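The values are calculated or read from the model by the stated rules, or taken from the named source; none is laboratory data. Just so you know, these numbers come straight off a predicted model, no measurement behind them. In this analysis, Cβ positions are derived from the backbone assuming ideal geometry, glycine residues included, and neighbour counts consider all displayed protein chains. Accessible surface areas use protein heavy atoms only, side chains included; no ligands, DNA or RNA. Shrake-Rupley method; radii C 1.70, N 1.55, O 1.52, S 1.80 Å.
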Amino acid sequence: MKRIGKIAVLAVTTLTAASCSLLDREPHVLTPDSFYRSEKELLYGLAGVYGALNNEEVYGNYYSLMISNTDDLCYYNRPVNGSYVYWYNHSADEPNVYQTWSMLYAGIKNANEFMHAAADSAFDPQRSYYNEARFLRAYYHFLLAQAWGDVPLRSERTLSPDDTQKASTPQAEVLVWCIEEMEAVAAAFPDALDNAPSRLTRPAMEGILARVCLFTAGELSLIPI
């Protein structure tokens, strides 16, 4: 009996020690305070800002094809029934529309979070990464205003559930804000082409800015003063 008791105690002790070591782990939740501690981590965060462009919902398919194929230069036909934006037969919850809207605002959220974390980073003394995110944030707003008109302008992080709902800003104000943001970034961005072709360069920024200005001029000419 004593031997059995000793074995039982030893087993419990072993299991207790094993369970403690198994659960004794450092948390790996990514937060602005626990991340962005190296230039490599800054690049990871910046990739999350660029990421919205590469998704199915933006330039992967929906925005670039499904939503854009709605003029007399495009022809799209399939032998199926349903609600599709390119057939002018859709509602606000149609996936091409709803998911594109959501992904663009996800890109804006990522930009705001990244800019907050990288604003005073010692690993970005020239604020190059910060300015890339700032330009992309403005570009995402432009795509939204171009497609939907009046849209919520989110230039700050969302810190409370009470801030998740926001009224739309008039399209003209959003477009002017986008131009001001893009001009400020482009003016401070270096002339080097080291980032080409996968990331923003000053010529790319100026080309996008020209497009935004042309669209804005056309839209503002239709607004009665």
Verdict on Pro161 being closer than 22 Å to Gln99 by Cα and either surrounded by fewer than 11 Cβ atoms within 10 Å (Cβ to Cβ) or touching a residue at least 60 places away in the same chain (Cβ under 8 Å) (or both)
yes
Among what's in the range 125-146 and is more than 12 Å from Tyr50 (Cα to Cα) and in contact with an Asp or Glu (Cβ under 7 Å, 6 or more places away or on another chain), pick the residue that is least open to solvent (accessible area, probe 1.4 Å).
Ala138
Exactly one of Ala186, Ala196 is hydrophobic (A, V, I, L, M, F, W, C), more than 24 Å from Ala106 (Cβ to Cβ) and either loosely packed, with under 13 Cβ neighbours inside 10 Å or modelled with pLDDT under 90 (or both), and that one is Ala196
Do we have any residue at all in the range 28-39 that's over 30 Å from Glu94 (Cβ atoms), modelled with pLDDT under 90, touching a helix residue (DSSP H, G or I) at 6+ places or on another chain (Cβ under 9 Å) and outside any loop (DSSP other than H, G, I, E, B)?
yes
Verdict on Leu153 being assigned to a loop (DSSP other than H, G, I, E, B), open to solvent by less than 20 Å² (accessible area, probe 1.4 Å), under 21 Å from Val58 (Cα atoms) and in contact with a helix residue (DSSP H, G or I) (Cβ under 6 Å, 6 or more places away or on another chain):
no
With respect to Val185, determine if the residue is more than 25 Å from Asn54 (Cα to Cα) and assigned to a helix (DSSP H, G or I).
no
Scan of the range 96-124 for residues that are of a type in the set (Ser, Thr, Tyr) and either surrounded by fewer than 19 Cβ atoms within 10 Å (Cβ to Cβ) or in contact with a strand residue (DSSP E or B) (Cβ under 6 Å, 6 or more places away or on another chain) (or both), ordered by number:
Tyr98, Ser102, Tyr105, Ser121
